[in-house]
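The next block holds one structure in the form of structure tokens; read it before the comments.
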Amino acid sequence: MSAFVHVLSRRLENIRAQGLWRELRPADSPQSPRLTWAGQEYRNFSSNDYLGLANDPLIREAACRAVEKYGVGSGSARLVSGSLAPHHELETALAAWKKTEATLTFTSGYATALGTITALIGKDDVIILDKLVHACIVDAARLSGAKIRVYDHNDLADLERILQWAAGRPVEGAEKGQVLIVTESIFSMDGDAAPLREIVALKNRYGAWLMVDEAHATGLYGPNRCGLAEELGVSNDVEIQMGTLGKALGSAGGYISGAQVLCDLLVNRARSFIFSTAPVPAAAAAARAAIAFLQTPEGEVRRQRLWQNVARLQARYPLATARPQAILPVVIGDEAKTVEAAAELRARGYFIPAIRYPTVARGAARLRITLTAVHTEADIDDLAAALQAVVPVS
Ligand SMILES: *Cc1c(COP(=O)(O)O)cnc(C)c1O
């Protein structure tokens, strides 16, 4: 036993020495613009609860009603006895909102990517990833056994170079395998957007499939707030539309929207769906309420409040972006300096996470500021002043 402890302790020392130590901080409050830790209150600029729905009375109530009617646990996987009405109601609502034939939900975005990618491709196939895609997509790609190629972030020429290589590769099995491109629409650590129209044009030219992870775009972009693919008018060209329920939708879980045959295949092949207990009914009911809310005029008001807050901060601290974005990184680079800046901000009462390797590349450490629709103007103004004091930019 002591040898085991010794080996792990050495590994931890190594992590610490690189400035990469991570630890949990138990919060005593819901997600909101204020967070309480150990009796201390902080202004929270770290949450992906962009529209303030995680603690919204409407969404809370929907979750409570589901608990009263269906209890807490789902009891089993969906295919056994856990396919409760709230899951089906959520999937129907999601498919109607996304205007797709079908939608299938999973317990998390991570499980969604893992199950979907491994269900769709295998060792005779090629998967092409933007360099900055989320860890769950990288893990899924590795698990699939497909050949993995990575293109420079949002670099269409590099993507086309790989598509050309894939088109010319020798046939190894009985038939030529598939090519699947995977990108996020809004990138999780940079907040910038993928050139989806151009990617769609390329995938059509080369006969590839396209999967787009809208984790950070769902609820924020598009005329019906469905995501960036909707805003850019390319939803129908994306074979596999992924999103999560735990960010702007304020609940938990992930989904795939697309053709009925896609969802049927996932029910039959996605191992993270088949071999995992169904999400709790309260999470499904909460997500469904969030989707209903987003489609009302109040949903648009909520989104506009978020963009007003973003513009307000950008007017006071130089974080210019091509389009409104809720994720505003302040890239510092050095891991230790970033941790120091985050600690200094914390001492001033602001919680902004220091994002480091392996979440981002080494030497690309950053403060990841996230704004929400429920921050006040004073929250934003005070944040700008604190940022100017800790990370001054002229
Ligand atoms: C958060 C996130 C996920 C994972 O979703 P969870 O529901 O948190 O598991 C997947 N993709 C991206 C881009 C994300 O940011």
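Structural remarks
- When the chain is treated as a Gaussian network with alpha carbon springs shorter than 10 Å, the biggest mean-square fluctuation among Ala341, Ala315, Ala259 belongs to Ala315.
- Alpha-carbon centroid distance for the pair region 334-386 / region 241-304, whole angstrom: 29
- Whole-percent P(r), the chain, all Cα pairs, 20 Å bins from 0: 26, 57, 17, 0.
- When shorter helices are ignored and each DSSP H run of at least 4 residues is given -39500 (n - 2.57), the per-residue value for the chain at 222 nm works out to -13500 deg cm²/dmol.
- Take the Cβ atoms of Asp155 and Asn236, set R0 to 41 Å, and the FRET efficiency comes out at 0.95.
- Residue with peak Gaussian network fluctuation, the chain [Cα springs, cutoff 10 Å], from Glu160, Glu89, Glu298: Glu298
- Measuring against 23 Å, Cα to Cα, the residue pairs Lys99/Lys203; Lys69/Lys98; Lys131/Lys203; Lys99/Lys131; Lys69/Lys247; Lys203/Lys247 contain Lys69/Lys98; Lys99/Lys131; Lys69/Lys247; Lys203/Lys247 as the ones spanning a longer distance.
- Computed about the Cα centre, the dipole magnitude for region 241-394 is approximately 320 debye when only Lys and Arg (+1) and Asp and Glu (-1) carry charge, each at its Cβ.
- Under the shape rule built on the C-alpha gyration tensor, where the axes satisfy a ≥ b ≥ c, region 260-394 is oblate, since a/c reaches at least 1.5 while a/b does not exceed b/c.
- Per-residue SASA entry for Lys69, accessible area with 1.4 Å probe, Å² rounded to 10: 150
- Cα gyration tensor shape for region 114-174, rounded if a/c is under 1.5, else prolate or oblate: oblate
- If the chain linking Ala292 and Ala378 were pulled fully straight, counting 0.36 nm for each residue of separation and taking away their Cα-Cα distance, it would gain 28.0 nm.
- Exposure ranking of His6, His375 by accessible area [1.4 Å probe, largest first]: His6, His375
- Annotation for Val261 and Ile274: the two label points, set 7 Å from Cα along the Cα-Cβ direction, are 2.0 nm apart.
- Springs join every pair of Cα atoms under 10 Å in this Gaussian network model of the chain, and among Ala347, Ala215, Ala77 the largest mean-square fluctuation is at Ala347.
- Take every Cα pair under 8 Å whose residues are at least 6 apart in sequence, average their separation, divide by the length of region 1-48, and the relative contact order is 19 percent.
- Region 1-137: C-alpha gyration tensor shape, a/c 1.5 cut-off, then a/b vs b/c: oblate
- Among Phe351, Leu202, Thr370 - extreme Cα towards positive end, dipole of the chain, charges at beta-carbon: Phe351
- Placing R0 at 25 angstrom, the Cβ-Cβ distance between Asp124 and Gln18 gives a FRET efficiency of 0.05 after rounding to 0.05.
- Given their separation in residues at 0.36 nm each and the Cα-Cα distance between them, Ser83 and Ala336 gain 86.4 nm when the chain is fully extended.
- With DNA, RNA and ligands ignored, accessible area of Arg161 (1.4 Å probe; Å², nearest 10): 130
- The chain - share of DSSP beta bridges that are antiparallel (%, nearest 5): 55
The values are calculated or read from the model by the stated rules, or taken from the named source; none is laboratory data. Because the structure is predicted, anything quoted here is derived from the model rather than measured. We place every Cβ from the backbone using ideal geometry, glycine too, and count neighbours over all the protein chains shown. What goes into the accessible areas is simple: the full protein's heavy atoms, side chains included, and nothing from ligands, DNA or RNA. Shrake-Rupley method; radii C 1.70, N 1.55, O 1.52, S 1.80 Å.
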